[in-house]
């Protein structure tokens, strides 16, 4: 069946069917169609109110039925269910109500459900390590001799170092764990420097993590360099220098000697950059094994205490080049070493403030006598470096410390050496170490004519004043 387009009838057409229908409907037309919309709007409002009332009753019935079902079936009921208020705006627009998200927080879920859970403390996983050995060492009844054998110093010297570093090394406790005590921190560092053991053995010995031990060693070495080096490794002032000169002259007969200078090498692992600069040709030829090293130049007083150190230059540099890079050379260039002679070996040049042996052939009696005296003074610094490496075994083997941190560690060893020497700490026979540093003659042996004349004068003075023996 097809629905066609049929025209609507007007008032004139209705009048043809019904004679009683008035044609003059101009006024009636206006009145009927003015009142009819009002009647239609009232009817629409009544229908809408009925729908809202019906839907509201239906929603309330559903909530009552659901609540009754949850009370009759507690196992299947949702404890967090609560009847929600009805929003007429949602009913009009037929928008579905969003369900609230389920909380992932157990505490929040417990609050919503009305139940209260006990508050749980935060737990931190820490590996349980034994600290029995260190607790026995730190006990007052621990034998003094065994403590010195372990830490290369007595308990009193160890306590002195801890007292100086206390304010710098101390850390605060946190909510997660207590800070490591100062004595424990210093002991880890000194043990590592004294034995040269790998970090895994240090970790097992002191009951700490490997990374913790590594950090402690660097932190304590930095504190030693910052706090203790200015106190125990300073360049002597005028009063101290006068005493050093007098003591050297009384022992060896040469006047105005302000120190004995020597340069040694510390083996390292081949660096990743500039490896050729650290290649040690002399050690490689002697040991028949490829060697890399850094240099440590030091000046000592008659007791073997360091008064100046220059650390960290590549092992391929000769002694005279290392000297030119040192603070000692800069100090002399500013004129601060007047009337002072620093005794060195043939690897250093002869200058106004240095005194080195004769290197040419066919020496005279006076020249030979001076070389013997210089060799005796050189033994003071060479033996000081032997005690340094013997007491701190980490200097004898290739270290695991990074190249950029190595000068700080070596400087800490020199400071600790000074403290032990000042406190008259004895050297055990098993700590003895022989120095193997091959001397090379400097390229420019004589840099000052006046220095050459002064050396000849000193040689003549020793021979004719009976101090050559």
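The values are calculated or read from the model by the stated rules, or taken from the named source; none is laboratory data. Given the structure is predicted, the values throughout are model-derived calculations rather than measurements. Every residue, glycine as well, gets a Cβ built from its backbone with ideal geometry; the counts of neighbours run over all protein chains shown.
Descriptive notes on the structure:
- Qualifying residue in the range 213-236 (condition: under 30 Å from residue 464 (Cβ atoms) and either in the same structural domain as residue 319 (by TED's automatic domain parsing) or in contact with a helix residue (DSSP H, G or I) (Cβ under 8 Å, 6 or more places away or on another chain) (or both)): no
- Only a single criterion out of (1) surrounded by 21 or more Cβ atoms within 10 Å (Cβ to Cβ); (2) more than 30 Å from the chain's Cα centre (by Cα) is not satisfied by residue 369, namely (1).
- Between 273, 297, the distinction of being touching a residue at least 12 places away in the same chain (Cβ under 8 Å) and either out of contact with any helix residue (DSSP H, G or I) (no Cβ under 7 Å at 6 or more places or on another chain) or assigned to a strand (DSSP E or B) (or both) belongs to 297 only.
- Summed over the range 137-158, residues that are without any contact (Cβ under 8 Å) to a residue 12 or more places away in the chain and exposed (fewer than 12 other Cβ atoms within 10 Å of the Cβ) total 7.
- Residues within the range 166-189 that are touching a residue at least 40 places away in the same chain (Cβ under 8 Å), surrounded by fewer than 22 Cβ atoms within 10 Å (Cβ to Cβ) and part of a helix (DSSP H, G or I), tallied: 3
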